[in-house]
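Readers should treat all values here as calculations from the given coordinates under stated rules, not as data from a laboratory. Everything numeric in this text was worked out from a predicted model, so none of it was measured. Using ideal geometry, Cβ is built from the backbone for each residue, glycine included, and neighbour counts are taken over all protein chains shown.
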Amino acid sequence: MFKVTIIGAGNVGTTAGQYLHMKGIADLLFIDINEEMARGKALDLSQTASIISGSAAEIMGTTSYAASADSDIVVITAGIARKPNMSRDDLLNINAGIVAQAAAEAIKHSPNAIFIVVTNPLDIMTDLVQKTTQLDSKRVLGMAGVLDSARLEAFIADHLQISPADVRAMVLGGHGDLMVPLKRHSSIKGIPVSELIEAEALQKIMERTRNGGAEIVSLLKSGSAYYAPGASVAQMVEAILLDEKRLLPCCVKANGQYGLKDIYIGLPAIVGRNGVERIVELALTAEESQALAASAQSIESNIALLESLRQPKPQALPETTTDQKTAGNATTAPEKSG
Ligand code: LAC
């Protein structure tokens, strides 16, 4: 039996666990600072086995990383979730501390694991996990493209009143409002979507996709989406464990592809037992390339911002510190999104 550790027993982590348990392909471990909650959710989920999955897979909850030893996959969902009017990038510094610590603990016990990062701001946290674990970048990937593409597919299916099963769509770029939904690569059983949906309506669908997470945050009021994010994680875990070699848009480290170097960003990748088996390079139009470059730039500036925030602060007089803080905030233009 494979072993999957999910760090963070919140809504996204446990929903991913729920879908994975239904597939019955791995023993699951929830790790959370709130041990009793992790144990309670694991116990509750394990009691669905005779009703739904029939799976004999174990599910446990704990606070101890030692229990995660020799995991095949570590999923990091720990962090605070966005509240209404909060951008993903507002979460940057708080979640960086949580995620770096989780990654550092997990890698000690599972040096051969593949890491899937889910915590926002996604692209920056994925980069941070790779830097923290020092794993080959093929073994560290982020979940966002599957989710963003699934949202686009749902909106197209809903607009046309057809089965989502026949819709295929692709969203590249960072998991923010500069993400790049690819119209040309969205189809209904191979029929380009532009043949079935007129331009204006299609534009609205693309816009709604870019704001897909924020739309749900504004409805839920206290927290962000978790059913589709959890399902997206489960699909990535399955693709890796079962060596499916699926073509999934994921946050991966570009190494020259798309003119991007050494940056984690959403690109189409073949996902299998080795993690990112390879990145698939598509010929983009000038407009699409520009949009991808703008998204990359936003990620890079947030990585630089995070690095500056995490530098030990030089000794400074109190008033200087305040000035620096104000200046820092003013130059930060967080990418709003969902
Ligand atoms: C979303 C959050 C989970 O897109 O990033 O819903």
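Please list, in order, the residues from region 215-259 whose amide nitrogen is less than 15 Å from a point placed 7 Å along the Cα→Cβ vector of Ile80. Counting backbone N atoms under 15 Å from the label point, the list is 222-224. For Phe2, the residues 5 or more places off, or on other chains, whose built amide H falls under 5 Å of its own are Asp27. Pair-distance distribution P(r) for region 145-308, from all Cα-Cα distances in 10 Å bins starting at 0: 10, 37, 39, 14, 1 percent. Considering only DSSP beta bridges whose two residues both sit in the chain, what percent are antiparallel, to the nearest 5? Close to 50 percent.
At R0 = 45 Å, how high is the FRET efficiency between Ser50 and Ala304 if r is their beta carbon distance? Nearest 0.05 is fine. Here the calculated transfer efficiency is 0.30. Note on the chain: Cα Rg divided by 2.2 N^0.38 Å, N the number of residues, gives 0.99.
In order along region 47-53, phi translates into HN-Hα couplings of 7, 7, 4, 6, 8, 10, 9 Hz, rounded to whole numbers, per the Karplus curve 6.51 cos²θ - 1.76 cosθ + 1.60 with θ = phi - 60° and x for Gly and Pro. Normalised by the number of residues in region 145-308, the mean separation of alpha-carbon contacts (under 8 Å, six or more apart) gives a relative contact order of 22 percent. Could you calculate the FRET efficiency of Leu220 with Glu36 from 1/(1 + (r/R0)^6), where r is the beta carbon distance between them and R0 is 22 Å, rounded to 0.05? Approximately 0.35, to the nearest 0.05.
Go ahead and estimate [θ] at 222 nm for the chain from helices alone: -39,500 (n - 2.57) per DSSP H run with n ≥ 4, summed, over the residue count, rounded to 500. Don't jump to the answer; show the numbers that get you there.
On the way: 10 runs with 146 residues, N = 338.
-14000 deg cm²/dmol, from helical runs alone.
As a length-normalised measure over Cα pairs under 8 Å and 6 or more apart, the relative contact order of the chain settles at 18 percent. Distance check, please: which entries in Lys221/Lys253; Lys23/Lys204; Lys3/Lys131; Lys204/Lys253 exceed 25 angstrom between their Cα atoms? Those over the limit are Lys221/Lys253; Lys23/Lys204; Lys204/Lys253.
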